[in-house]
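Structure record follows, encoded as structure tokens.
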Amino acid sequence: MRKSAIILALGLFGAVAVAHADPTITVTPWLAPNHHGSPSYDGAAQNAIYALSHGLTTYGSGTEQFLAQSDVYAPETIVTDFNSWDGIADPVGLNELGNRMTFGLAIDGNGSQFSIAELSFSGTSSDGDGLGYDSAAGSFDYSDIYVGVVYGSGGSITYITSGPNTQLVDALYAAGVGNAYSATCPSCTTSQKQAAINDAAFTDEPFPGFTYTGTYSLTSGPTGSAAFNVSLTPEPSSFVLMGTGLVGLFGVARRRFRQA
């Protein structure tokens, strides 16, 4: 019900393109729930697609909210194997697994058709490229979170969420791909979990922070990029959180964790 309503609502935004030019790729950074296990991810991804297809910078509420943002505080960008959200361990009333820096995607064909098989992604980070990786052309498929749009005669619109990735479309909207460092702390206390998050966020990172840049490209030439500015300097209200991370380290591991 929810997904169908959002996909149908895309029709309010779509219009038959009449100008024939190169596709335009727009990339929007946002902090998504952890794709691997967070219960709010599916709803957040659909909200992202709705927002990106309607030119909105925010849509939805709570942990399913899509919010375009490029300036983030390092602990907010960590995925976990324990309950956490926005860099806080064991938040009351939630059962999430952290947040991932994600690059939302909107491609307007401008009258030219393309396929998702032509899409590639490159991610690089200025902290020694600890978050860097590439997804080559041919590795993406149409799905509920990579929605192709075909404009037909008389204003008809068809949404492509499955089938061959070579199918031509007029537009594409996607929750997008991203990356994160991860914190793992099995059988830990809340303070130890918080320490794990902060260790993953701050270990070996250049002060005062770093950038994480995502670039989508089509084989025909068009590209689009955006970047997260990751700060290691907390707001005054975050000093308590940071201080917690300096004690009680136990069973902490930090590793790269990506989601395509």
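Structural remarks
- Each residue in the range 163-191 was checked for being farther than 30 Å from TYR59 by Cβ and either surrounded by 20 or more Cβ atoms within 10 Å (Cβ to Cβ) or under 21 Å from the mean Cα position of the chain (by Cα) (or both), and 3 of them qualify.
- Residue that is modelled with the highest pLDDT, among those in the range 195-240 that are surrounded by fewer than 19 Cβ atoms within 10 Å (Cβ to Cβ) and in a helix (DSSP H, G or I): PHE202
- Residue list for the range 87-108, filter: part of a strand (DSSP E or B), open to solvent by 10 Å² or more (accessible area, probe 1.4 Å) and in contact with a strand residue (DSSP E or B) (Cβ under 7 Å, 6 or more places away or on another chain): LEU97, ALA106, ASP108
- Screening ILE160 against (1) free of Cβ contacts under 8 Å to residues at least 60 places away in the same chain; (2) over 19 Å from the mean Cα position of the chain (by Cα); (3) open to solvent by 20 Å² or more (accessible area, probe 1.4 Å) leaves a single unmet condition, (3).
- Residues of the range 64-89 classified as more than 17 Å from SER182 (Cα to Cα) and touching a helix residue (DSSP H, G or I) at 6+ places or on another chain (Cβ under 7 Å), total: 3
- Of all the listed residues (LEU56, LEU31, LEU67), the sole one being in a strand (DSSP E or B), at pLDDT 95 or above, open to solvent by 60 Å² or more (accessible area, probe 1.4 Å) and under 17 Å from PHE103 (Cβ atoms) is LEU67.
- Of the residues making up the range 126-139, those that are touching a residue at least 60 places away in the same chain (Cβ under 8 Å) and within 15 Å of the chain's Cα centre (by Cα) are LEU131, TYR133, SER135.
The values are calculated or read from the model by the stated rules, or taken from the named source; none is laboratory data. As the structure is a prediction and not an experimental result, all values here were calculated from the model. Cβ: placed from backbone, ideal geometry, glycine included. Neighbour counts: every protein chain shown. When the accessible area is computed, the model is the full protein with side chains, heavy atoms only, and any ligands, DNA or RNA have been set aside. Shrake-Rupley method; radii C 1.70, N 1.55, O 1.52, S 1.80 Å.
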